[in-house]
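K.L.:
Dropping a structure here in C-alpha cells format, bear with me for questions.
Every number in this text was worked out from the coordinates using simple rules, so none of it is lab data. No experiment lies behind these values; they were computed from the predicted model shown. For neighbour counting, all protein chains shown are included, and Cβ atoms are generated from backbone atoms with ideal geometry for every residue, glycine included.
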Amino acid sequence: MKSFRDRNRDKRPRQPDKAGAPQARPREAGSTGRPEPQNRSEPKNTPRILSRRDGVLPAERLPLILQVAPNADYALLDSGAGQKLEQYGPYRIVRPEGQAIWQKALPARDWERADAIFTGDTDEEGIGRWRFPSTPLGETWPMKHDGIDYLGRFTSFRHVGVFPEQASHWDHMAGLIAAAKRPVKVLNLFGYTGLASLVAARAGAEVTHVDASKKAIGWARENQEMAGLGNKPIRWIVDDAVKFAEREERRGSRYDIVLFDPPAYGRGPKGEVWQLFEDLPGLTDLCRAILTPKPLAVVLTAYSIRASFFAIHALMRDTFAGMGGTVESGELIIREKSAGRALSTSLFSRWVA
C-alpha cells in the first residue's frame, strides 16, 4: 500500500537499526507529512502525561508470524542480491530490498522479463525513477485485493500504493467485524491509500480514515469509487493522527477497532513532528482512551523500527492492563514463490478483546 505522498517515510535520514533486530524495509511516512531533519523550531505535539496502569496484564501470544502467500493478485516471485521480483496483477516489478541478502533462486531470464524496474541513486532513501524495459506504462494500473478493485501507482519512492503483508491484519479485522453481529466503528490512523478502510467498510463497519497527506486521501477516494464502495460509510479526513485522536477523546467519540501504522519519523499537515520512540507511548494510550465500552481490537504496525517486537509488545500489554484480552506480537512476512523463503517486512503488536 510519495513523490505522490507528502508523508514520505523514505525521505527521512536513514538511522542504523539496532544490532540483531529485524530490519524492515523503508516505508512511506504514516500520516505525519514530509520527514526532514528535526530542529528546535519545529512544532511538536504536546506530550501526553502517562502513568503505568493498574490491573492484570492481558494474556500474551508471541512470537506470532503472520504471512502472506502468493496469490492471483500479488506474489513475491523471487528475491536476492538486494532486490525483489514481485507480481502485481498483470505486471512484474523489480524493486530494491535490503533484507534480501541471499542469492536469487530464479534464473536471470525471469528477472529480465520485468515490466517495471525501480532505479534509485546511491542513497537508498533517495528519489528514484521507474524504468520500463519493454513497453512504457502509465502512472496507474488496475489492481485487486480479495475482489476489491484499487489503483496501483508507480511513485518516485518505489512504492506502488499497497503493502501486501498487511492482508493478514485486514482478514483478521474483517473476521472480527463479521463475528460481532452489531454495528462496528473502525478508526484507521495513518491510513494511506485506504485498502484497510475499504476492507472494513465492505465487512460492514463504519470507518473513519485519517491521513495527513491530501494526495493520499485523494488516492484513497479514487480507490473507494473504483471498488464500487462509494455508498459505504467512510469519512476521509486530512489531519495529523495525534491531534485528531486527541480531539476524538475530548469529543467523546469512541471506536471498536483502531488501526495505527505510524512512521519512524514524519510531519503532520501543519509541520507537527512525529518521533516514533518519543511519541508512540502517548498515541497508544490515546488509542485505548477512545475505545468503546466493548471494543474488539487495536492493531499497531511498525516499519523501519530500531527495536525488537518485544518492545512494542511490552508497551501494548502495559497500555491495555486491566482490559483483559490478549496481546499478540511478532512480524509480518511475505512468503516467496520461488524458494519459499520468508521476507520480513515489519513488526506488529495487536490487542484483541
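K.L.:
So what's the net charge close to Gln224: Lys and Arg +1, Asp and Glu -1, counting the other residues with Cβ under 12 Å from its Cβ? It would help to have the intermediate numbers written out before the result.
P.N.:
Numbers: positive: Arg202, Arg221, Lys232, Arg235; negative: Asp149, Glu222, Glu225.
Taking every other residue near Gln224 into account, the sum is +1.
K.L.:
How high is the relative contact order of the range 139-262, in percent, counting Cα pairs under 8 Å that sit 6 or more residues apart?
P.N.:
Working: 200 pairs, mean separation 32.3, N = 124.
Relative contact order for the range 139-262 comes out at 26 percent.
K.L.:
Please compute the contact order of the range 72-153 in relative form: average sequence separation of alpha-carbon pairs under 8 Å and at least six residues apart, divided by the residue count, as a percent. Intermediate results must be reported in sequence, preceding the final value.
P.N.:
Working: 143 pairs, mean separation 17.9, N = 82.
After rounding, I find 22 percent.
K.L.:
Among the listed pairs Lys84/Lys214; Lys232/Lys270; Lys144/Lys232; Lys104/Lys337; Lys104/Lys144, which have their C-alpha atoms separated by more than 20 angstrom in this model? If you can, show how the numbers build up before the last one.
P.N.:
Values: Lys84/Lys214 30 Å; Lys232/Lys270 30 Å; Lys144/Lys232 18 Å; Lys104/Lys337 12 Å; Lys104/Lys144 27 Å.
With Cα atoms farther than 20 Å apart: Lys84/Lys214; Lys232/Lys270; Lys104/Lys144.
K.L.:
Sorted by average packing, counted as other Cβ atoms within 10 angstrom per residue and highest first, what order do 181-188, 335-342 take? Present the calculation step by step, with values, prior to reporting the outcome.
P.N.:
On the way: 181-188: 19.9, 335-342: 16.0.
Ranked from most to least packed, the peptides come out as 181-188, 335-342.
K.L.:
Rank by packing, highest mean first: peptides 283-291, 145-153, with packing defined as the count of other Cβ atoms within 10 Å averaged across residues.
P.N.:
Numbers: 283-291: 21.1, 145-153: 18.3.
Highest-to-lowest ranking by the protection proxy: 283-291, 145-153.
K.L.:
Could you calculate the contour length gain from Asn71 to Arg221, that is, 0.36 nm times the residue separation minus the distance between their Cα atoms, to one decimal place in nm?
P.N.:
Numbers: separation 150, 0.36 × 150 = 54.00 nm, distance 2.55 nm.
Contour length minus the Cα-Cα distance gives 51.4 nm.
K.L.:
Mind ranking 49-55, 70-76 by how tightly packed they are, going by the mean number of other C-beta atoms within 10 angstrom, highest first?
P.N.:
70-76, 49-55
K.L.:
Taking a point 7 angstrom from the Cα of Arg251 along the C-beta vector, which residues in the range 186-206 have backbone N less than 14 Å away?
P.N.:
Residues 186-188 fall inside that zone.
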